[in-house]
Amino acid sequence: MSWLLEWLAFSLSVFIVARLLPSVHIRSFGTAVGVALVYGVLKFLLYWVLVFLALPLVILTLGLFLLVLNAVLLWLTDKLIDGFEIRGLLNTLIASVLISVIDVVLCWLIPGI
C-alpha cells in the first residue's frame with residue numbers, strides 16, 4: 001500500500017511543479033499519474049545503468065551529477081508521454097529538482113510512506 005501512496009505523492013509533485021513553472025505543461029492530474037508511472041519504470045530500468053556509466057562524473061561532482069541523470073529520465077518521460085511537455089534543458093533540470101524536493105516533503109508529511 002505504501003508504494004501506491006508514494007506513486008500518488010510523486011504524481012502530485014509533478015502536478016504541482018507543472019502549475020508552478022510556466023515552462024512545464026501537463027494536461028491533467030491523470031497525465032501526472034501517467035508521468036509518475038513512466039518515470040518510475042524508466043528509473044527502475046535505467047537509473048543504475050546510467051549511474052554506473054557516469055560514475056566518474058558522479059564522483060567528480062560529489063553526487064551532483066545525479067541531478068542531471070534524474071533530468072535525463074524526466075526528459076525521456078517528456079518524450080514518451082503525449083500530454084506532458086517541458087521546454088528547454090535548463091527547465092528540465094529545474095523541474096527535476098523541484099519534483100524531487102516536493103516529493104520528499106510530501107512523503108515526509110504523509111504518514112505511512
- Filter region 18-37 for residues that are touching a strand residue (DSSP E or B) at 6+ places or on another chain (Cβ under 9 Å) and part of a helix (DSSP H, G or I); the one that is surrounded by the fewest Cβ atoms within 10 Å (Cβ to Cβ) is Arg19
- Query: For Trp75, are the conditions met, namely being within 14 Å of Ser96 (Cβ to Cβ) and either surrounded by 13 or more Cβ atoms within 10 Å (Cβ to Cβ) or among the β-branched types (Val, Ile, Thr) (or both)?
  - Reply: yes
- Go through region 1-17 and count every residue that is crowded, with 18+ Cβ neighbours inside 10 Å and either in contact with a Gly (Cβ under 7 Å, 6 or more places away or on another chain) or without any contact (Cβ under 8 Å) to a residue 24 or more places away in the chain (or both). 1
- In region 49-107, the residues that are of a type outside the set (A, V, I, L, M, F, W, C), assigned to a helix (DSSP H, G or I) and over 25 Å from Leu5 (Cβ atoms): Pro56, Lys79, Asn91, Thr92
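A short reminder: the numbers here are calculations on the coordinates, not readings from a lab. Model, not experiment: these values are computed from the prediction. No Cβ is skipped: glycine too gets one built from the backbone with ideal geometry, and neighbour counts run over all protein chains shown.
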